[in-house]
C-alpha cells in the first residue's frame, strides 16, 4: 500500500514530498498525474506545495477543477488520509474539502522562514503523535487563512483547528502570527480528521541535515495508516 | 531610432538602420564583404545581435584569454563541456552568472525575473537539474540623505521590485535562492546591477551537446510561443542607458516562471528518452542565436520555416521572429524518426513542441517566411567572425592618488559609534528582510540557508558530499586597485566557502563595467580580470563560465568596476558543515591568520570604515597572499571535515569588530575577547585594529578541550591567537590587555544590524 503524491503542472514540492516519504519515513510513495482519474491501490494522498497551473487565477483554483481532484474528493469521503501542505492546503480549500480561504500575507510579501506551531487538537490520525509545540518551515506569499465567523465557531467548537502560529513557548502573539491569519490559524482538519491542510511544510522537516525533524510527527500518520492495511 | 521606425525602413538598409542596431560602419562593411551582397533586414538584424557585445564579446574576448581554462578550451577542444566541475560519484556541477542590468533599470520586476529564468535555462539546457540560485545586486543609495530624494525613492523602487522579481520567478520555478549579496553606492543610481547565478547537478555521462548534427534530422521548437517582446534585447544590453530608457521598455522580456518550471521538467524528461541529439536554450537573440550557434558548433546548417513557429501574434515578420527574446523557449535537434518521442513528453507537460526545420550539411542558416527566403547566412560568420577590439588602457589619476592617501588627517572615531555606523550601513546591514522573500529551501537540499554562514551549503541527494556556494564582490576594492581588488574578490569568496567547510574547486564570474571604449574603463577591466585570473590559478578554482556586462552607465555616471565571483566548494560530508555562529555548548574563539604586508594604510585603505564612517573612498586595500589563502582554505576544509570547528567567519568588510559582532548575533549570545599579542601588534591606530580589513584573517570557534591543540594543526605560514569565548552575558566585549576597546549590548547590535533595511524599504 502506498501514498499518492499528486503532481499538478507547477507543483514544485512534489519531489520533496516524494523523497521525504520514501527516503526519510520509509513510506512508499508514488507520483500520480493530475490527469489521472484513479487512486485505487493508494491509502493516502499528499497534495504538495508549489504554484499549480502557475496560480495565475486564485491559488489552487485551477487545480481544484482537475480530473484527479474529483477522485481525491471521493477518496477523502471514504475516510482515507489526505494532507495538503502550502499550495496543497490552498487546493483543499478551493476544492471545499476544507472550509475557508487563503489570502495574500498581511505584509504583502512572500515569507520563507521557520515558525513555531501550537497543536490545537488531537482529533484524527495526523495529530496523534504531534507534541504541543513544533517548528516547521513556511514558504508562501498567500497563506493568510480566513473564514467567516460561523465557520470559525464550528472549527473551534469541534476541535478542527489543527495548528496556530505561536512563539517558542507556545504563546499566541501578534508577532508570531506570521502572515496575519485569522486567530493565527496555520492548519485545519476536516470533520472526520482524515484531511489536514496546513501552510507550513512538514515534508521539509524530516531529516536533521536540513535543520529539523518535527515534520515526521505529522507525516508519521502515513506509516501507521499503511501498517494497518 | 525606435524599433518601429526601423521596421518602416524594411526596404532600404541605410546607415541609420544598422547604426541604430548597434553596428558600426566598419562592421557593416565587414558584413558586406563576408556576404558578398547587401543583406536583407532580417540578416542585418541577425548580424547585429550576434555581433553585439552581449553575444559577441567584442571588447572582452582578448582579455578573457587571461582565464586559463577559457584559453585552453579555445585552443583545444572548444568551450563545450568546459563548464562542468566533476565532484565525484559520477556527478558534475555546472554554474554560471548572468547580468540583467539594463532590463532591470527599466522594468525592475521583469528584468530581474527574466534574468533568473535565463540563467536557469543555461543550466538545464546542459542536461543538469537546477538546484540553486544566487544573486548579487547593486543599487544607488536607499537611505535618506544618500542622494537627492527623488533618486533615493527611485532606488528603493528598483531594489524592492528587483527583489520581488527574483522571488516571484525563483519561488515559482522551484529553484531555491540560497545565497546572495546586496550593496549600495551612489554610482549605481540609474544603472543598478542585477546578476543572477544558477547551479545545476548532472550525471557527467548525461551532459548534452549544443552542436547540431545529422543531415535531415528534425529541428524542434520547444516551449512558449514567440511574441514581439524583447526584440533587440541583446543590443539594448550593449548600449549605455539614457534618458530615453522608457522607450526601451518594449525591449524588456516578460517572464513566465510556470512555463519555465514545465520546461525544466519536460526537457529533463525528454533528454532521458535519448531521442534528442542536441539542444540549446533560446536566450539572448532568441531563434537567431540558437540556430546560428547550434549550426556553427556542429559545423552544419539549418533550414527553418518560420511559418511553423508558434506565435502569439500571427502577423509577425521574419525579422521579429528571428530577433524576439520571448522567454521560456528552447531549440533541439532530434534523431530523425524519433521526433514524436520528444513531442509526446512536451505535450504531456502542456508545452508546444513543433518541428520547424531540419539540419543541412551546407553550413547555412536558411530562414523562410511565407514561402520566401528572408535570410540565408553562413552560421560561422555570425558566430565566430565578430570583430574584436582592444583599447589602449589608461591608468586613471585616482589610482596613484589612492596609493598616496594618508591616514594622518583621519580622526579615530570612538569604537561604538563607528561600529554602529558600520552595522547599520545599508551595504553591511542584515539582508534578512530581502532573503526571507526567497524560498531558500524548496527541493529540500539546503543544509545551511542564507544568513547562517559565510556561504550556503547544499546537501544534494545521491551523494554524501556537500556543495558550498557563494557569490561575492567589493567594488570599492576593485575601483581603488583593480588588480588587487580582483584578487581579493576571488580570495574572499574562496575563504567564505571554506569557512563552511567547502574546499574551493571552481569559479564563475559576472564582470560588470562601464563603457569599454573609455581608456580608463578598459584599464579597470584589464587589470581586474588579470587579478581574478591570477588568483583563480593559485586558488585552484578554474573559471568555468562567465558573463561580461559593459556600458553600465547612465546620465548619473558609470558604475564602479564590479566583478562578481561565484565559487563552488566541496565538502566530503555535507552533514559536517558549520555556520558563523554556534548556539550550543562552550566555545573558545581563535583568530587564524597569515602574516600580511599590512600595507600603506594599516588595513584601512579602501575600507568600509573609511567609507561609511568618514565618507572617504581612498587608499589601497591590503593585497592577499594567495598561496597562503589556498593553504588557509585547505586547512579550514580539513578541520571542518574532522569536526574540530564549531564556527568560522572571516574578517572582511567592517574588520574584526564587525566580524565578532556578527558571530555574537548568529550565536544568540555574548562574546568576550582580549586582543593580546597578535597580528595587530604593529598597528598604531585602534580603529585599524578593530575595523581594518585584512585578507586571510578568520575567526574560528572550538570546544575548550580542543583549544590547546589548535595551533598544532596549522600548516607552515598560518598562525593563531586565542581571542576569548562565547559567553552567557548579553554583550560583546572587546578588550586589549587592561583596556576596554568596545562594549555593546546584544540587543543594540541586533537593532543596528536589522532595522536599517526594513525601515527604508517597508511600506
* Search result, residues across the range B:612-626 that are part of a helix (DSSP H, G or I) and in contact with a helix residue (DSSP H, G or I) (Cβ under 6 Å, 6 or more places away or on another chain) -> B:612, B:613, B:626
* If residue B:671 satisfies every condition in (1) without any contact (Cβ under 8 Å) to a residue 60 or more places away in the chain; (2) buried (at least 24 other Cβ atoms within 10 Å of the Cβ) but one, which is the exception? -> (1)
* Out of A:180, A:187, report the one residue that is in a loop (DSSP other than H, G, I, E, B), away from every other protein chain (no Cβ under 14 Å) and at pLDDT 95 or above. => A:180
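Name the one entry in B:65, B:121, B:138, B:71 that is surrounded by fewer than 18 Cβ atoms within 10 Å (Cβ to Cβ) and touching a helix residue (DSSP H, G or I) at 6+ places or on another chain (Cβ under 8 Å).
B:65
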* Structure fact -> Of B:350, B:357, the only residue that is under 30 Å from residue B:273 (Cα atoms) and assigned to a loop (DSSP other than H, G, I, E, B) is B:350
* Only one of these conditions is not met by residue B:288: (1) buried (at least 22 other Cβ atoms within 10 Å of the Cβ); (2) touching a helix residue (DSSP H, G or I) at 6+ places or on another chain (Cβ under 8 Å); (3) assigned to a helix (DSSP H, G or I); (4) within 14 Å of another protein chain (Cβ to nearest Cβ). Which number is it? -> (4)
* So which of B:532, B:538 is more than 19 Å from the chain's Cα centre (by Cα) and either in contact (Cβ under 8 Å) with a residue 12 or more places away in the chain or closer than 17 Å to residue B:192 by Cα (or both)? -> B:538
* Which ones in the range B:611-625 are surrounded by fewer than 24 Cβ atoms within 10 Å (Cβ to Cβ) and either more than 16 Å from residue B:651 (Cα to Cα) or free of Cβ contacts under 8 Å to residues at least 24 places away in the same chain (or both)? -> B:611, B:612, B:613, B:614, B:615, B:616, B:617, B:618, B:620
* Which listed residue, of B:307, B:281, is closer than 14 Å to residue B:332 by Cβ and either surrounded by 20 or more Cβ atoms within 10 Å (Cβ to Cβ) or in contact (Cβ under 8 Å) with a residue 40 or more places away in the chain (or both) -> B:281
* Mind checking which residues of the range B:562-611 are under 30 Å from residue B:94 (Cα atoms) and modelled with pLDDT under 95? -> none
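To keep it simple, each residue is scored yes or no on (1) modelled with pLDDT of 95 or more; (2) more than 14 Å from chain B (Cβ to nearest Cβ); (3) closer than 23 Å to residue A:163 by Cα.
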site	(1), (2), (3)
A:8	yes, no, no
A:17	yes, no, yes
A:28	yes, yes, no
A:37	yes, yes, no
A:50	yes, no, yes
A:55	no, no, no
A:80	yes, yes, yes
A:83	yes, yes, yes
A:97	yes, yes, yes
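Of the residues B:178, B:163, which is within 14 Å of chain A (Cβ to nearest Cβ), assigned to a helix (DSSP H, G or I) and crowded, with 20+ Cβ neighbours inside 10 Å? Give the steps one after another, and end with the answer.
Values: B:178 fails: assigned to a helix (DSSP H, G or I).
Only one candidate qualifies: B:163.
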* Note down all Cβ pairs under 7 Å where the first residue falls in the range B:554-575 and is within 14 Å of chain A (Cβ to nearest Cβ), the second is buried (at least 23 other Cβ atoms within 10 Å of the Cβ) and in a loop (DSSP other than H, G, I, E, B), and they're at least six residues apart or on different chains. => B:571/B:501; B:571/B:502; B:571/B:577
* Residues of the range A:150-167 being more than 22 Å from residue A:194 (Cβ to Cβ) and within 19 Å of the chain's Cα centre (by Cα), which ones? -> A:165, A:166
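If a residue must be farther than 18 Å from residue A:24 by Cβ and either within 10 Å of chain B (Cβ to nearest Cβ) or not in a helix (DSSP H, G or I) (or both), how many such residues does the range A:199-229 contain?
Total satisfying the criteria: 2.
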* Filter result (in contact with a helix residue (DSSP H, G or I) (Cβ under 7 Å, 6 or more places away or on another chain) and more than 30 Å from residue B:747 (Cα to Cα)) within the range B:701-719 -> B:713, B:714, B:715, B:717, B:718
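The values are calculated or read from the model by the stated rules, or taken from the named source; none is laboratory data. Quantities reported herein were computed from a predicted structural model and do not represent experimental measurements. Ideal geometry is used to build each Cβ from the backbone, glycine not excepted, and the neighbour counts take in all protein chains shown.
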